[in-house]
Structure formats: structure tokens, C-alpha cells
Amino acid sequence: MLVRRRVAGVAGVIALVAVAAPGVAGTAQAQEKVLRAGVTQDLDSLNPFISITRIGTDLTRLTYEYLTTYDAKDYHPVPGLAESWSTSDDKLTWTFKIRSGAKWSDGQPITSADPEFTLTKMMTNDDAATANGSFVQGWESVTAPDPQTLVIKTKQPRSTMLALDIPIVPKHVWENVTDLKAEPPLPLVGSGPFILQDYKASQFIKMKANKDYWRGAPKIDALDFVYYKNVDAEVQALKNGDIDLMSRLVPAQYDALKSDPNVKLNTGAGRRFNEILINPGATSKDGAPIGDGNPALKDIQLRKAIALSIDSKTIVDRVWGGYAVEAAGYIPPGFSEFHWPQKQKFDPAEANRMLDAAGYAKGADGVRVDKTGKALRLRLLGHAGTNLDEQSSKFVVNWLKDIGIALEPQMVSDQKVNDATTGGNFDLAVSGWNANPDPDYVLSLQTCANRPNADGKGGTPDSFLCDQEYETLYAQQAAETDRAKRVEIVKKMQQVLADRATLVLLGYDNPLEAYRADRWAPFTTQPSDGGVIMNQQGYWGYYSATPGKTTSDDNAATAESSSNTGLVLGLVGGGVVVVIAGALVFARLRRRGSADERE
């Protein structure tokens, strides 16, 4: 089941930092090298089987090595826990050689029994399949014939076998867990470059460098994520030196920091699509109606009219300040091979003609009525404190007013958006997802299988599309191993999504990042040309952290050789310095925003 833990914010944070004067021997803690990253989105879950938010996925990738990962330079698959692989001529059997000598953070050896357990559990347990179950669909078996060999057999060829975005968990820790929705105890037992040690909702996440990591230990001792209520507070913390790295700045803040000599800025092509969901009549996995969406939205003509009334260019220019790309296909343009370049239309005149023809007459107040005579008054669900949601909603209200639909924005907490969009309790909702280099995962979000249970939980639906043509195309692309043919199928799927109008794309924002260049060498970005530091398809940005100002190229250190570091705390006076980080209120961001904030 889709379970997320969110706790209300805490006002006021006082950071105590013990520091030693130059030349004075400090404590080990004072000399610890720590990278502090600011975040505004709260964690949905520490459980790798169910976490889907942006920050949750970041933590999962840092904690658990996958069979393969994506190269920092250009996203091509490179070894992870699997040091090599091969496939049979019929593409139905995949053999992975598990890395010899790798260990879990508790000292236990990593063997093929660990991925066998993880993948088999996902094939046989609905809760274990919550976050990434689409990857194991169509599999026949997973076996471990010896400690270093993993064999996966599929019922038909699968195009995603080197793009399995699945965290491998330690069998000896998880095999006795009876509730796979539960939160695991801390510290987590992992295999990645960092191990999660401590967590307090809406305040902090503390990770320790894994000194036994098979690629080599990071050069830093620890990685801390510090929560802020909003980006304004986060930017102030960066300027004050209370954090070292942040992402998701709003354009005005990004531009203002250009004159700060201590800060280096970074932006790149986004891999996230932003959208407004339109509830087409949400149903559960067994087809039963769920939620409280306005029944008028079951009419595809009404949904298409709404889609025509929303102007992506205005969102790009006025909300994102030009740091974005206008809406076209469902796959973001950062993954150009699969991107469908058909620009989304904005035509309110045509929308009005469609609604007139469909019988949605306007009342005396200018608001149209539905087929039952009720006024078309809809809700727009959004995430409180999120720039896109709050600013774009003002435009959307006016655009829908122009076609005779009354819209009420409702900006609420992450948890409420999470519950509502999973359970179908919305009319319209601001959402979105981070896409992967392989498109299968985000494509699967629109399938019938990703709908929740009858209680509105246990799935990862996006727009509640359940369409036979889309389902057929999804199955075809998953089985197509000819790259060019698969690309064409994926583009057809994006056409179907546009035709069904269960979502309206707003655009693809560029992640706006900043870090303290007076303290840190350039980080490894992904991809190397125009890539990002945080929220990567891997861990290269954090793993490459190296303290100290440098004039070398931003990507001089390759992902394979980077290990690295954090700020050396201290060096003021001879005692303890108390830093008051303002009256900051730590809160949570969202899930569907998971959209910002989903992964």
C-alpha cells in the first residue's frame, strides 16, 4: 500500500556547532566534514518498497545500490551491484554477476540472495510492488544458483532489464518483516555511498558516509538534509552559510544570487513534467468507482475544453521566469529521443465552441451548467507553499472563467494532496513526476494496474487513466527490444494521453540550483553537459562532494573517480558557537507534487 509519513512543521531552529580555533586541536565531531543540503519537501517514507517522492528517491539511491545505475556523463547503464550481465538469444533470460566482496553496512556480505529476495518479494507481494512494481511485470522467475549469480527469466522480452530502478534490500534484515508498509528501524542497513542514521520529520535527515562502499568511501564524513518551510528561508540559509547546497530556487531568487561572490549557480534541462490532473472518474484496480470527483469530468469533451484553455507559455514566462520549456509530450524534452514534440494547444475560443456544442449552457452569472443542470464549479487542489501551485492557480482560475467554468483553488498540506490524489478525491490537481532515462516507469503510471485498492490506497495512479488502446501500446513498448520501434510506440502513447485529456501539461521547469563555491569544489552533474547536482538518476552529485574552492571545471571529476566531501565545521574561537538560523519553520512539501515531488 502507498503509505507516507508526514508530520507537521516545527517553528524555530537553533543549530549548535562546536568549532575549534585555528591551531587548536578540536574534537572529532568539530572536525567532521559535512555537506548540508537544504530541502523543502518532507520525506514520504524511509521504506524503499513504497517511497516515491523526490527526496525519498534521493535517499533510496544514496542508501541502496541497484543492479545497474545510470552513468553521470550521458545516462547509459553502468554496473552497480551487478558488475556484468548477459542475455540469451531470445531475450527471455538475463544473467547478472553480483559484485564480489561488496558488503552491507552492518558487515554482512552482499550475495545474489539479496536481489533474489527483493525482486521475488515484489513479484509476490502487492505492498512490496507499490513504488516499482511495473518493472517486474511479465517476469516468470528470479533465482540465485550461486552467491554471485542472479538469473531473471521473463515471459516475453523486456526492454527495461538494464533500467531496473529498484533498490536492492538486505535479505537478512527484511526477510522477517511481516508488514512491508512499515517504517524500517534506524540506522538503515544499506550498500550505497551513504547510510541513513537519523531522521526527524520536517526537521532533518542525517546520513553517514559508508567507508566500505565498493566504489570507494566518500571524502566527506556525513551528509545532512535540513528542512525549511519555503525556498525563501532556504535561500537565506544558503547566504548565511547555514547550508551548502540547494535546488528548486524560484527565478527571482536565482537571478538575485548571480551577484553573490560566494555562491555558484547551476541549471540544466529538467527531467520533470508538471501537469494538472483532471479526474475522469477515478476507479480502483477492480474497476469500482472511488473518490468524489465531479462526475461531469467523465465527459471527454469537457476535459478537452479545459486542456485547450490552459496556456503553457504564460506559465513558462510568468511563473518560471523563462527557466522552463513549453508543454508538448508527456516525456520531458531532456530525454529528447522519446519526447513527443507536438506543442500543446491554447485555444480558448475553440474551447468555448466545444462546450457550446456539447450542451454546456451558460447561466446568468456566466458559469456553465452540466448535463444535470448543476453549475460547473470545480476544485483545484494544490500544495501550500509551492511556487508553481500557488502562482499558476491564479492564471488557471481566470482561464477557466473565460470558458464559463468556476474554479476554487484549495492549497493544502502534502499529506492531504497525497491522500486525495491517490484516492480520487479531487476535480483538478497540480501534480507532476520526475521522469527516468528509460520512459517505462512514468508510462506505467497511466495504466490500469497502477490504480489503488478499493480503499484508495496501495497504488501510484497519476490521472486514473485506464484505456485499452494505451494498455496495448504500453505492453508493446515494454516488450520491444528494437530501440527505434520502441521510440515510435512511446510517441504514440503520448498522443493517446493528449487525446484522452486526463491531464494537461504545464511545462518542464529547469531545476535552479546553488551551492557555496567558497567552500566546495564543483560537483559532478548528470548529465555532464547541462545536468543537475541534486535529484539525479543516481548519487553522483552528493558522492562527488569535495570541500575547498577550486578553479577546475565543474565536471572535471568523473563520476567513477569522485568521492568526496563536506564542509569542515569549525574554526572560530576556542569554544562553542551558537548559530541561530532565524525563525525558520520547517514543514513539508508534497507528494504528488511528488510531483515536485514525485519521482
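The values are calculated or read from the model by the stated rules, or taken from the named source; none is laboratory data. Since the structure is predicted, the reported quantities are computational estimates derived from the model, not experimental observations. For neighbour counting, all protein chains shown are included, and Cβ atoms are generated from backbone atoms with ideal geometry for every residue, glycine included. What goes into the accessible areas is simple: the full protein's heavy atoms, side chains included, and nothing from ligands, DNA or RNA. Shrake-Rupley method; radii C 1.70, N 1.55, O 1.52, S 1.80 Å.
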For the stretch 376-414, what are the residues that are of a type in the set (D, E, K, R) and either over 26 Å from Y228 (Cβ atoms) or open to solvent by 10 Å² or more (accessible area, probe 1.4 Å) (or both)? R377, R379, E390, K394, K401, D402, E408
What number goes with the only condition from (1) touching a Phe, Trp or Tyr at 6+ places or on another chain (Cβ under 6 Å); (2) of a type outside the set (S, T, Y); (3) at pLDDT 95 or above that D356 does not pass? (1)
Residues (touching a Leu at 6+ places or on another chain (Cβ under 9 Å), more than 25 Å from G190 (Cβ to Cβ) and polar (S, T, N, Q)) located in the stretch 137-169: T154, Q156
Tally up the residues in the stretch 220-246 that are touching a helix residue (DSSP H, G or I) at 6+ places or on another chain (Cβ under 9 Å), modelled with pLDDT under 95 and open to solvent by 10 Å² or more (accessible area, probe 1.4 Å), please. 3
G507 vs (1) at positive phi; (2) assigned to a loop (DSSP other than H, G, I, E, B); (3) among the small types (G, A, S): all pass except (2)
For the stretch 465-482, name all the residues that are part of a helix (DSSP H, G or I), more than 22 Å from A163 (Cβ to Cβ) and of a type in the set (D, E). E469
Scan of the stretch 247-264 for residues that are in contact with a helix residue (DSSP H, G or I) (Cβ under 6 Å, 6 or more places away or on another chain) and in a strand (DSSP E or B), ordered by number: V263
Taking the stated definitions as given, is G107 open to solvent by less than 50 Å² (accessible area, probe 1.4 Å), under 19 Å from Y543 (Cα atoms) and outside any strand (DSSP E or B)? no
Evaluate the stretch 429-443: report whether one residue or more is open to solvent by less than 30 Å² (accessible area, probe 1.4 Å) and more than 18 Å from the chain's Cα centre (by Cα). no
